[in-house]
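First comes the structure, then the notes that go with it.
The values are calculated or read from the model by the stated rules, or taken from the named source; none is laboratory data. Source: prediction; values computed, not measured. Note: ideal-geometry Cβ built from the backbone for every residue, glycine included; neighbour counts use all protein chains shown.
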Amino acid sequence: MAVPASSLIPDDPSVLFTTAGMQQFKSYYTGQFNAERDIHGSLGQPIGSNMVVSIQPCVRTSDIDEVGDESHLTLFEMLGNFSFQGAYFKREAIAYAWQFMTEAMDIPPDRLAVTIFSGDKEADIPEDEESRKIWLELGIQKDRIFACGREDNFWGPTGKEGPCGPTVEIHYDLDPDKKGQPNDDSGRFLEVWNVVFNEYYMDPEGVLAPLTAKGVDTGMGLERLALVLFGTPDVFGTPLFDQQVLWMLDYSTKAPKESRGAIRHQGVGHALQAAEAAGHERFARSVRIIADHMRGAAMLASAGVRPSNTERGYILRRIIRRAALHAHLLELPEEWPEALLDRVLAVYAEAYASLLVPREEILAVLNDEIAKFDQTRARGLREFEKLATAHAESATAFTGQEMFRLFETYGFPLELSQELAAGREVEVDMADLARVREAHRDKSRAGQERKFGGHGLILNTGELKAANEEEVKKVTREHTATHMLQAALRQVLGGSVQQAGSDITAERLRFDFTFERKITEKELKKVEDLVNQKIGEDLPMERHEMSFSEAKTQGALAFARGAYPETVSVYSIPGFSREVCGGPHVTHTGEVGTFRILKEQSVAQGIRRIRAVVEP
């Protein structure tokens with residue numbers, strides 16, 4: 001059963017972005033939720049299966065500085081198939097993967113190699129001989145099976161804890177005439193598919209415990225698969241990126257003639273390699289950075305992220321500004337953001353229609369941030385020139401701290417400062433820069449741990465988050481308002497509305513629900529007015545305990561994904577709302593205050609999101 005992609009903004013507070021296709025399914029591997037009952041398809045119905053597939057946009061930020069080479073990406077699409085609660089395991093998963101690669105994709109078997117987990121004595125995990133045996137039975141030659149350690153063939157968890165386990169990987173042989181093997185630095189093999197066997201649960205201290213029911217989680221990068229199928233030297237030559245690349249080659253005053261010749265004779269896919277071969281490595285790197293970052297920025301802006309100096313907003317600000325710097329280096333015309341955004345949307349607007357906000361909204365985010373950065377960039381260049389002149393006169397090198405200050409103060413990526421220094425024939429103290437960068441990474445990692453490690457909430461039910469008694473009162477009002485919002489949505493839009501997620505903080509409430517189209521302004525106003533009408537009537541919030549089956553018989557809504565206890569609490573607002581719930585509530589609706597909807601948007605296919613506040 002195919003399920004919709006989840007938002008790039010995860011419910012998991014331990015990570016900034018959705019980093020893997022399995023992230024939305026973490027709780028199904030542990031048995032906390034039941035996939036057959038609790039996962040819903042694109043029309044909102046339970047899928048009725050413990051086996052699903054998805055295509056999930058993901059963002060990984062650890063290698064942003066590396067983007068610009070032939071393999072690193074900020075945003076990528078993950079193709080995945082998943083098995084929960086033992087629906088299938090190693091033998092079936094490996095056979096499915098092999099069949100897909102060699103039959104569905106028609107990739108020659110002799111161009112593939114596989115890796116298995118070599119084991120970890122310290123963690124008491126044996127070598128994965130079962131997978132080796134299965135591969136041999138499928139016809140893989142013995143010398144095409146490689147055993148690799150935990151760094152390469154043990155995956156997870158996402159975040160600080162969760163399901164994890166040994167993996168098998170499928171690698172494509174890019175150059176059979178070259179020496180090398182999977183997971184080395186020879187460049188001969190490209191990892192295409194990772195099949196994870198979730199057998200363990202890792203706690204925050206890194207201790208592994210066996211899962212009661214085993215599961216399968218696979219991930220194959222669409223971009224890498226496209227590289228293999230289209231036979232391009234890197235992903236930037238595939239149809240996912242080639243129109244962006246072609247536009248930059250057409251309009252950059254720095255575009256080398258060798259790229260134009262490659263396009264005529266070999267196609268767009270070879271244009272950047274031709275530039276590099278002719279000594280224009282910096283040009284090719286800038287093109288790749290811009291193409292990657294424009295795609296990532298468009299998707300993040302669509303997910304509701306806005307540039308800022310913290311967390312997700314900082315990542316978006318960083319990639320927009322990095323793209324702008326390299327656009328400046330390539331001397332692209334002023335309209336480059338709009339031209340490249342249109343080429344991104346031409347690829348993704350149909351596939352992710354429900355994830356993408358209107359083009360004008362994305363473009364406004366990009367243009368606003370680029371305009372702000374243009375002023376900073378000019379000041380940064382002046383500062384760089386002063387430093388470069390001083391170092392040239394004294395025959396000294398840029399220090400790591402100077403380089404890093406250009407990054408922190410003016411947003412200059414470190415590699416750009418290095419490129420500018422090279423252009424002025426001024427050296428950079430690379431050892432000092434490495435020390436400064438490592439110190440910054442340590443500081444950032446410590447900050448992330450403080451930010452996302454359990455932060456002493458006195459109320460944290462997973463749905464409600466409060467830090468003190470005053471905030472408890474606020475989220476209690478918002479929690480009741482969320483019930484009222486759901487009732488109002490069902491009354492205005494119909495019974496197809498079902499809760500698909502909720503998150504409540506002291507600042508706002510967020511409610512996700514199933515619905516297939518954009519809600520009109522008139523409908524939103526009607527929902528908001530209905531909630532405020534019921535608040536104004538100061539109706540009692542009644543609580544009754546009963547069996548779950550009795551609650552369902554009485555028509556109580558029960559959309560939480562986990563299993564319910566034998567006896568449940570049912571909260572009712574007479575004539576308006578009735579729902580199974582274990583959270584805190586006000587005693588009368590008048591305590592909620594004024595309800596105001598801030599925003600309504602799509603977050604996945606068939607899933608809408610409302611953000612709202614309650615005010616005294």
Practice problem: Scan (1) assigned to a helix (DSSP H, G or I); (2) more than 22 Å from Gly221 (Cα to Cα) for the single condition Tyr96 breaks and write down its number. | Solution: (2)
Exercise. Can you confirm whether the range 438-454 contains a residue that is closer than 23 Å to Arg321 by Cβ, outside any helix (DSSP H, G or I) and at pLDDT below 70?
Key: no
Practice problem: Mind telling me which of the residues Glu77, Glu122, Glu70, Glu129 ends up being surrounded by 14 or more Cβ atoms within 10 Å (Cβ to Cβ) and either at pLDDT below 90 or more than 28 Å from Asp175 (Cβ to Cβ) (or both)? | Solution: Glu70
Quiz item: Going through the range 99-134 one residue at a time, which ones are in a helix (DSSP H, G or I) and under 15 Å from Phe197 (Cα atoms)?
Solution: Glu129, Glu130, Ser131, Arg132, Ile134
Quiz item: In the range 145-243, which strands (runs of 3 or more DSSP E) lie fully inside it and hold 2 or more residues that are surrounded by fewer than 22 Cβ atoms within 10 Å (Cβ to Cβ), of a type outside the set (Gly, Ala, Ser) and modelled with pLDDT under 90?
Solution: 189-202, 208-221
Exercise. For residues that are surrounded by fewer than 20 Cβ atoms within 10 Å (Cβ to Cβ) and within 21 Å of Thr587 (Cα to Cα), scanning just the range 504-519, find the one that is modelled with the highest pLDDT.
Key: Arg508
Exercise. Within the range 268-316, count every residue that is basic (Lys, Arg) and more than 24 Å from Glu360 (Cβ to Cβ).
Key: 3
Quiz item: Can you name every residue in the range 536-547 that is under 40 Å from the mean Cα position of the chain (by Cα) and either small (Gly, Ala, Ser) or within 13 Å of Gly575 (Cα to Cα) (or both)?
Solution: Met541, Ser547
Quiz item: Among (1) closer than 30 Å to Gly304 by Cα; (2) crowded, with 19+ Cβ neighbours inside 10 Å, where does Tyr571 come up short?
Solution: (1)
Exercise. Select from the range 520-556 the residues that are surrounded by fewer than 20 Cβ atoms within 10 Å (Cβ to Cβ) and of a type in the set (A, V, I, L, M) and write down the one among them that is nearest to Glu600 (Cα to Cα).
Key: Leu524
Practice problem: State whether the residues of the range 250-259 include one that is more than 19 Å from Tyr348 (Cα to Cα), surrounded by 22 or more Cβ atoms within 10 Å (Cβ to Cβ) and either at pLDDT below 85 or not polar (S, T, N, Q) (or both). | Solution: no
Quiz item: Counting only residues that are assigned to a loop (DSSP other than H, G, I, E, B) and of a type in the set (Phe, Trp, Tyr), which one in the range 527-585 is modelled with the highest pLDDT?
Solution: Phe576
Quiz prompt | Members of the range 330-342 that are part of a helix (DSSP H, G or I), surrounded by fewer than 20 Cβ atoms within 10 Å (Cβ to Cβ) and not hydrophobic (A, V, I, L, M, F, W, C) | solution = Glu338, Asp342
Quiz item: How many residues does the range 244-272 hold that are of a type in the set (A, V, I, L, M) and not in a helix (DSSP H, G or I)?
Solution: 1
Quiz item: Got a number for residues in the range 382-430 being part of a helix (DSSP H, G or I) and more than 33 Å from the chain's Cα centre (by Cα)?
Solution: 16
Quiz item: Looking at this structure, is Glu311 in contact (Cβ under 8 Å) with a residue 24 or more places away in the chain and out of contact with any Cys (no Cβ under 7 Å at 6 or more places or on another chain)?
Solution: yes
Quiz item: Among Asp173, Asp184, which is the only one that is over 26 Å from the mean Cα position of the chain (by Cα), under 21 Å from Ala147 (Cβ atoms) and without any contact (Cβ under 8 Å) to a residue 40 or more places away in the chain?
Solution: Asp184
Exercise. State yes or no: is Glu276 assigned by TED's automatic domain parsing to the domain that holds Ala97 and either among the aliphatic types (A, V, I, L, M) or assigned to a helix (DSSP H, G or I) (or both)?
Key: no
Exercise. Give the residues of the range 355-371 that are in contact (Cβ under 8 Å) with a residue 24 or more places away in the chain and either over 22 Å from Leu345 (Cβ atoms) or outside any helix (DSSP H, G or I) (or both), sorted by residue number.
Key: Leu355, Leu356, Val357
